[in-house]
Amino acid sequence: AHLSPAVNLTCASCAGVLTAIATQPIWLAKTRLQLQHSSDARYRGMLHVLSSVQRHEGAVGLWRGLLPSLFLVSHVSIHFTIY
């Protein structure tokens, strides 16, 4: 079945938004682990980052930085639709 460009754009946008929401805590943990200095290590691993963030910043803290990722979804959606 052939889908219209509008349907392709909608599907790509929905997939991008859901992916960004689902993976944001992983990216947050990765970034915090990479930015800590080895002499002043605050986190022991990914699960420690996730539990610490949830404990000190609340569950919403796990999705800190989500908005810029959502802005990038439109860029990818347009490429997906054109392709």
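Restricted to segment 14-50, and to residues that are more than 15 Å from the chain's Cα centre (by Cα) and of a type in the set (Ser, Thr, Tyr), which residue is farthest from VAL60 (Cα to Cα)? Once the filter is applied, the top-ranked residue is SER39. Within segment 20-42, one or more residues are of a type in the set (D, E, K, R), open to solvent by less than 90 Å² (accessible area, probe 1.4 Å) and modelled with pLDDT under 95.
Residues of segment 11-55 that are in contact (Cβ under 8 Å) with a residue 60 or more places away in the chain and in contact with a Phe, Trp or Tyr (Cβ under 7 Å, 6 or more places away or on another chain): ALA12 alone. Which of the residues belonging to segment 52-63 are exposed (fewer than 13 other Cβ atoms within 10 Å of the Cβ) and of a type outside the set (Val, Ile, Thr)? Correct list: ARG55, HIS56, GLU57, GLY58, ALA59. Restricting THR10, THR81 to those that are surrounded by fewer than 16 Cβ atoms within 10 Å (Cβ to Cβ), part of a helix (DSSP H, G or I) and not hydrophobic (A, V, I, L, M, F, W, C) reduces the list to THR10.
The values are calculated or read from the model by the stated rules, or taken from the named source; none is laboratory data. Since the structure is predicted, the reported quantities are computational estimates derived from the model, not experimental observations. Cβ: placed from backbone, ideal geometry, glycine included. Neighbour counts: every protein chain shown. Each accessible area value is taken on the protein alone, full model and side chains, heavy atoms only, with ligands, DNA and RNA left out. Shrake-Rupley method; radii C 1.70, N 1.55, O 1.52, S 1.80 Å.
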